[in-house]
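What follows is a short report on a single structure.
The values are calculated or read from the model by the stated rules, or taken from the named source; none is laboratory data. Not measured: the values here are computed from a predicted model. Cβ placement follows ideal geometry from the backbone for every residue including glycine, while neighbour counts extend to all protein chains displayed. Surface areas here come from the heavy atoms of the whole protein model, side chains and all, with no ligands, DNA or RNA. Shrake-Rupley method; radii C 1.70, N 1.55, O 1.52, S 1.80 Å.
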Amino acid sequence: MKFILHIFLIAGLSLLSATYLPWWGACIIAFIVSFVLQQKEGTSFLAGFIGVMLCWGISALMINLTNEGILAGKMGALLGGLSAGLLVLVTAILGGLLGGLASWSGRLARGLVKI
């Protein structure tokens, strides 16, 4: 139950912060949430990965659907002929890796501070 809460906190707060913070704001959110919620290192990485992957994947998909795939198609052509759907998937996985590493760092930082 705590794992699911961890994922939804990271995903939800990252989506909310996307309005006010730059792209790396999701990493700050993942770090803080994992610092506050005490989980194992692997669980923390997985929660950050899934949470930010959902956030970035949903955001990229919504942008792709809004402009009917024109932007993703042109960006995919610049990146070696990737399709629009594959570009959305790559974006989600890249965001997931960044979120997972930030979440893991937050968990390890919690180990340094005795609260």
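For the reader, a short list of remarks on this structure follows.
- Dipole magnitude of the chain, debye to nearest 20 (Cβ charges: Lys/Arg +1, Asp/Glu -1, about Cα centre): 400 debye
- Nearest-ten-degree value, helix 2-17 long axis tilted from longest Cα axis of the chain: 50 degrees
- Normalised per residue, the accessible area of the chain is 60 Å², obtained with a 1.4 Å probe and no contribution from ligands, DNA or RNA.
- In straight-distance terms, cross-link reach from K2 covers every one of the lysines whose alpha-carbon lies under 23 Å from its own, apart from those fewer than eight places away in the same chain; here that gives K40, K114.
- Take each peptide in 44-53, 88-97, count the other Cβ atoms within 10 Å of every residue, and average; sorted highest first, the result is 44-53, 88-97.
- Taking the C-alpha atoms only, the angle from helix 84-112 to the longest principal axis of the chain is near 10 degrees.
- C-alpha long axis of helix 41-66 to longest principal axis of the chain, angle in °: 30 degrees
- Whole-number D in µm² s⁻¹ for region 1-79, Kirkwood Cα-pair radius fed into Stokes-Einstein, 25 °C, 0.890 mPa s: 183 µm²/s
- Summarising the label geometry, the points placed 7 Å from Cα in the beta-carbon direction at T19 and L86 lie 3.6 nm from one another.
- Viscosity 0.890 mPa s, 25 °C: Kirkwood-radius Stokes-Einstein D of region 44-108 over Cα pairs, µm²/s: 203 µm²/s
- Surface composition of the chain: carbon plus sulfur atoms hold 78% of the accessible area, using a 1.4 angstrom probe and ignoring ligands, DNA and RNA.
- R0 of 25 Å, Cβ-Cβ distance M62-K2: FRET efficiency to nearest 0.05: 0.30
- Using the average count of surrounding beta-carbon atoms within 10 Å as a protection proxy, the listed peptides 5-13, 26-34, 63-71 rank, highest first, as 26-34, 5-13, 63-71.
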